[in-house]
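Asker: Structure incoming, see below.
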Amino acid sequence: MKKEELVIKAFEIAKQQYEAIGVNVNAVLQKFENISLSVHCWQTDDVSGFEDTSGSLGGGLAVTGNYPGKASNIHEMRTDLEKVYSLVPGKHRLNLHAIYGEFEGKKVDRDEIEISHFKGWSDWGKQHNIGLDFNSTLFSHPRANDGFTLSSKNESDRKFWIEHVKRCREISAWFGAEQGTPCIHNTWIPDGMKDTTIDRYGYRELLKASLDEALAKKYPKTEMKDAVESKLFGIGSESFVVGSHEFYLGYAITRDILLCIDAGHFHPTEVVGDKLSSVFQYVDELLLHLTRGVRWDSDHVITMNDETVLIAQELNRMDAFGKVNIGLDFFDASINRIGAYVSGTRSAQKSILYALLEPTSQLLSFEEKGRWFERLAMLEEARAKPFGAVWDYYCLEHEVPVAEDYISEVVDYEDKVLSKRV
Ligand code: RNT
Ligand code: ZN
């Protein structure tokens with residue numbers, strides 16, 4: 001039997017098996033079709049950016065490995081991203097950072113960036129029908145070297161970073177208007193201290209004031225939406241992080257903006273999937289950064305692990321996919337970067353599809369009747385249903401490689417394109 005026929009046949013059988021437990025596969029696939037991921041641009045070049053500086057990655061961020069083939073200019077980056085999108089089913093977005101503007105070799109400081117530096121990205125987005133999201137870049141800069149940006153006690157530095165965020169929000173709103181889809185603008189700052197900090201309150205007070213100033217200008221939600229991203233600790237900020245979860249949860253609620261939850265930004269024993277139903281009691285919309293922490297916030301390539309699956313299951317159980325913007329945030333320079341992207345993005349998608357195929361109403365009915373054994377058994381049996389057959393069919397329908405077939409395509413791209421780079 002031809003491979004295609006096999007995929008279709010397996011899908012038809014899978015559909016019946018899911019129907020037997022009350023899951024309508026066609027309805028699931030329709031829902032899945034509308035879920036876009038915002039693919040982060042920074043896995044192409046290890047978060048280097050295209051500024052005219054020789055500065056290194058800062059803010060406690062670390063990319064390990066030096067696998068050959070890293071993108072070193074916008075052209076290479078776009079070529080790589082186009083390859084990634086071609087190997088992933090569905091319609092997805094691109095998440096940019098401010099350091100990825102087209103500065104044409106000129107020194108453009110962070111408080112000088114303008115819409116014109118991002119015109120090329122907007123054109124590219126339109127050309128490929130890819131919606132754009134944006135991030136202020138508050139790291140890898142001399143004015144962030146002392147570990148503080150928006151919460152800096154150095155007034156000139158603090159003002160500098162406020163100006164940066166203001167400009168990034170303006171660029172975001174412009175992106176959103178140009179693309180006809182709201183641009184999510186995320187703010188993450190590295191601010192914090194390595195050792196016991198005395199004035200925790202003072203720094204947080206400064207952060208609040210800075211954000212209020214930077215976010216004072218209101219843009220229509222059809223153009224841009226603000227998100228703030230918390231963190232537990234970073235390299236060099238082990239004892240104190242100004243932008244903690246409590247800080248931003250309160251900030252997002254009181255300012256009616258989005259909270260960004262990065263799956264790697266909590267204690268390793270905390271279950272991030274459990275947080276969503278709490279946060280949604282008070283916050284209307286979320287930004288997620290899907291990533292995989294290994295023992296710490298290591299930003300390993302996403303796999304279909306328990307955490308990613310639980311996040312997806314919770315979104316499905318709350319029917320909250322319409323209230324969440326799903327971004328990816330991993331960077332691994334020790335393996336083929338395009339392979340990292342494709343594998344990680346597909347694993348995020350697989351986790352979501354798997355969650356959508358859950359027999360939720362049956363599980364809920366067991367739960368509400370106090371039938372704990374039945375709930376447990378059903379959850380376990382649902383794991384063994386032919387989810388892979390549905391995924392393969394979805395890939396076939398979207399004309400992207402089915403199952404492991406993308407591996408050879410990545411290797412081929414490495415031979416033809418990546419290995420030629422100096
Ligand atoms: C850092 C945050 C942040 C960055 C990107 C590059 O810990 O996760 O989202 O990874 O902005
Ligand atoms: Zn993040």
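The values are calculated or read from the model by the stated rules, or taken from the named source; none is laboratory data. What you see is a predicted model; the values in this text were computed from it and never measured. Here Cβ is always computed from backbone atoms with ideal geometry, including for glycine, and neighbour counts include all displayed protein chains.
Asker: Quickly run through the stretch 1-54 and pick out the residues that are assigned to a loop (DSSP other than H, G, I, E, B) and farther than 25 Å from THR308 by Cα.
Answerer: Residues satisfying the conditions are MET1, LYS2, SER48, GLY49, PHE50, GLU51, ASP52, THR53, SER54.
Asker: Please give the number of the condition VAL422 fails out of (1) among the aliphatic types (A, V, I, L, M); (2) closer than 30 Å to SER72 by Cβ; (3) in contact (Cβ under 8 Å) with a residue 60 or more places away in the chain.
Answerer: Going through (1) among the aliphatic types (A, V, I, L, M); (2) closer than 30 Å to SER72 by Cβ; (3) in contact (Cβ under 8 Å) with a residue 60 or more places away in the chain one by one, VAL422 breaks only (3).
Asker: Every residue in the stretch 105-157 that is closer than 23 Å to SER237 by Cα and within 22 Å of the chain's Cα centre (by Cα), please.
Answerer: Residues satisfying the conditions are ASN135, SER136, THR137, LEU138, PHE139, SER140.
Asker: Here are some residues: GLU409, GLU399, GLU374, GLU380. Which one is in a helix (DSSP H, G or I), within 25 Å of the chain's Cα centre (by Cα) and of a type in the set (Asp, Glu)?
Answerer: Going through GLU409, GLU399, GLU374, GLU380 in turn, just one is in a helix (DSSP H, G or I), within 25 Å of the chain's Cα centre (by Cα) and of a type in the set (Asp, Glu): GLU409.
Asker: Let me ask something additional. What about ILE326, is it β-branched (Val, Ile, Thr), within 16 Å of ligand 1 (Cβ to nearest atom) and surrounded by 21 or more Cβ atoms within 10 Å (Cβ to Cβ)?
Answerer: The answer is yes for ILE326.
Residue-by-condition table, conditions (1) without any contact (Cβ under 8 Å) to a residue 40 or more places away in the chain; (2) within 13 Å of ligand 1 (Cβ to nearest atom); (3) of a type outside the set (A, V, I, L, M, F, W, C):
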{"site": "LYS208", "(1), (2), (3)": "no, no, yes"}
{"site": "LEU215", "(1), (2), (3)": "no, no, no"}
{"site": "ALA227", "(1), (2), (3)": "no, yes, no"}
{"site": "ILE257", "(1), (2), (3)": "no, no, no"}
{"site": "ILE261", "(1), (2), (3)": "yes, yes, no"}
{"site": "SER278", "(1), (2), (3)": "yes, no, yes"}
{"site": "LEU290", "(1), (2), (3)": "no, yes, no"}
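Asker: Return only the number of the condition from (1) modelled with pLDDT of 95 or more; (2) hydrophobic (A, V, I, L, M, F, W, C); (3) touching a helix residue (DSSP H, G or I) at 6+ places or on another chain (Cβ under 9 Å) that ALA20 does not satisfy.
Answerer: Result: ALA20 fails condition (3) only.
Asker: Got a number for residues in the stretch 384-409 being over 10 Å from LEU87 (Cα atoms) and among the hydrophobic types (A, V, I, L, M, F, W, C)?
Answerer: 7
Asker: So GLY55 fits all but one of (1) modelled with pLDDT of 95 or more; (2) more than 20 Å from LEU328 (Cβ to Cβ); (3) in contact with a helix residue (DSSP H, G or I) (Cβ under 8 Å, 6 or more places away or on another chain); (4) not hydrophobic (A, V, I, L, M, F, W, C); what number is the exception?
Answerer: Status for GLY55: all satisfied but (1).
Asker: Right, another one. Mind listing whichever residues of the stretch 67-88 are in a loop (DSSP other than H, G, I, E, B) and out of contact with any helix residue (DSSP H, G or I) (no Cβ under 8 Å at 6 or more places or on another chain)?
Answerer: Once the filter is applied, which keeps residues that are in a loop (DSSP other than H, G, I, E, B) and out of contact with any helix residue (DSSP H, G or I) (no Cβ under 8 Å at 6 or more places or on another chain), the stretch 67-88 yields SER72, ASN73.
Asker: Among the candidates GLY49, GLY69, which residue alone is on the phi > 0 side of the Ramachandran plot and more than 16 Å from ligand 1 (Cβ to nearest atom)?
Answerer: Result of the check over GLY49, GLY69: GLY69.
Asker: Looking only at the stretch 171-187, decide whether some residue is under 19 Å from GLY236 (Cα atoms) and within 16 Å of ligand 1 (Cβ to nearest atom).
Answerer: no
Asker: Taking the condition touching a residue at least 60 places away in the same chain (Cβ under 8 Å), surrounded by fewer than 22 Cβ atoms within 10 Å (Cβ to Cβ) and either in contact with a helix residue (DSSP H, G or I) (Cβ under 9 Å, 6 or more places away or on another chain) or on the phi > 0 side of the Ramachandran plot (or both), does LYS91 pass?
Answerer: Judged against the criteria, LYS91 is not a match.
Asker: Next question. Consider LEU87 carefully, then state whether it is in contact with a Pro (Cβ under 8 Å, 6 or more places away or on another chain) and farther than 13 Å from ILE171 by Cβ.
Answerer: Answer is yes for this residue.
Okay, residues lined up against (1) surrounded by 16 or more Cβ atoms within 10 Å (Cβ to Cβ); (2) among the acidic types (Asp, Glu); (3) in contact with a strand residue (DSSP E or B) (Cβ under 7 Å, 6 or more places away or on another chain); (4) part of a loop (DSSP other than H, G, I, E, B):
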{"position": "SER151", "(1), (2), (3), (4)": "yes, no, no, yes"}
{"position": "SER156", "(1), (2), (3), (4)": "no, no, no, no"}
{"position": "TRP161", "(1), (2), (3), (4)": "yes, no, no, no"}
{"position": "PHE175", "(1), (2), (3), (4)": "yes, no, yes, no"}
{"position": "LEU206", "(1), (2), (3), (4)": "yes, no, no, no"}
{"position": "ASP226", "(1), (2), (3), (4)": "yes, yes, yes, no"}
